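In what follows, a single structure is set out as structure tokens and then discussed.
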Amino acid sequence: MNAVPNLDAALTVAWAKSALDTTVGAALARVGLSLDDLRRLRIIGTHPQGLTREDLAEAMGEARSQTIRSSGPLVKLGWLSRAESGEFSLTDSGRHLIDQAEGIAEKAAARWFTDSELSPAEVIASVSPNRSASSK
């Protein structure tokens, strides 16, 4: 078989994402969240003035229509609010949920990293979009 390092790397990253989604997602299901839900809530939570669907879509790496569909249930559950101007903001209930969910997700992720023998710091450094041009 010919060496296909880029494809092999892409498949490995996809496997890791899927495995983490499964592991952490199963733990977060206890509080009614997925890993993407937690990520969405955390992103919005860093913008107390609110976040437009365009900015949220960009931060999540998804289409604006997907942003509306994925955020809708979080609004209905009272964890997000959506202003008439369209900005999403975190509610007090959403902030409380993040605190609870982060602890659950952290424990599940720590187990996954231990079992996979991967270093969280090395993974972050290798895939961080903020790496300097010299490290690319």
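Spin-label point model (7 Å from Cα, Cβ direction): what's the Asp55 to Arg39 distance in nm?
2.0 nm
Report the residue, chosen from Leu35, Leu74, Leu118, that carries the largest GNM mean-square fluctuation when the chain is represented by alpha-carbon nodes joined by springs under 10 Å.
Leu118
Could you give me the ³J(HN,Hα) list for region 55-71, computed from phi with Karplus coefficients 6.51, -1.76, 1.60 and θ = phi - 60°, whole Hz, x at Gly and Pro?
Going residue by residue, I get 5, 5, 4, 5, 5, 7, x, 9, 5, 4, 5, 5, 4, 5, 4, 6, 8 Hz, with x marking Gly and Pro.
Where the only charges are on Cβ atoms (+1 Lys, Arg; -1 Asp, Glu), what is the dipole of the chain about its Cα centre, to the nearest 20 debye?
Dipole about the Cα centre, nearest 20: 160 debye.
Ignoring ligands, DNA and RNA, what percent of the 1.4 Å accessible area of region 41-96 is carbon and sulfur?
49 percent
Taking the structure as given and computing P(r) over Cα pairs in 10 Å bins from 0, in percent, which label from (i) 13, 47, 32, 8, 1; (ii) 12, 39, 35, 13, 1; (iii) 11, 34, 34, 17, 3, 0 fits?
So the calculated entry is the one marked (iii).
Please find, in a Gaussian network model of the chain (springs between Cα atoms separated by less than 10 Å), the residue of Ser34, Ser116, Ser71 whose mean-square fluctuation is greatest.
Maximum among the listed residues: Ser116.
Round to the nearest 10 and report in Å² the accessible area of Thr12, as given by a 1.4 Å probe over the protein chains' heavy atoms.
80 Å²
The values are calculated or read from the model by the stated rules, or taken from the named source; none is laboratory data. Remember, predicted model here, so these are calculated numbers, not experimental data. Virtual Cβ from ideal backbone geometry, glycine too; neighbours counted across all protein chains shown. Keep in mind that these areas ignore ligands, DNA and RNA; they rest on the heavy atoms of the full protein, side chains included. Shrake-Rupley method; radii C 1.70, N 1.55, O 1.52, S 1.80 Å.
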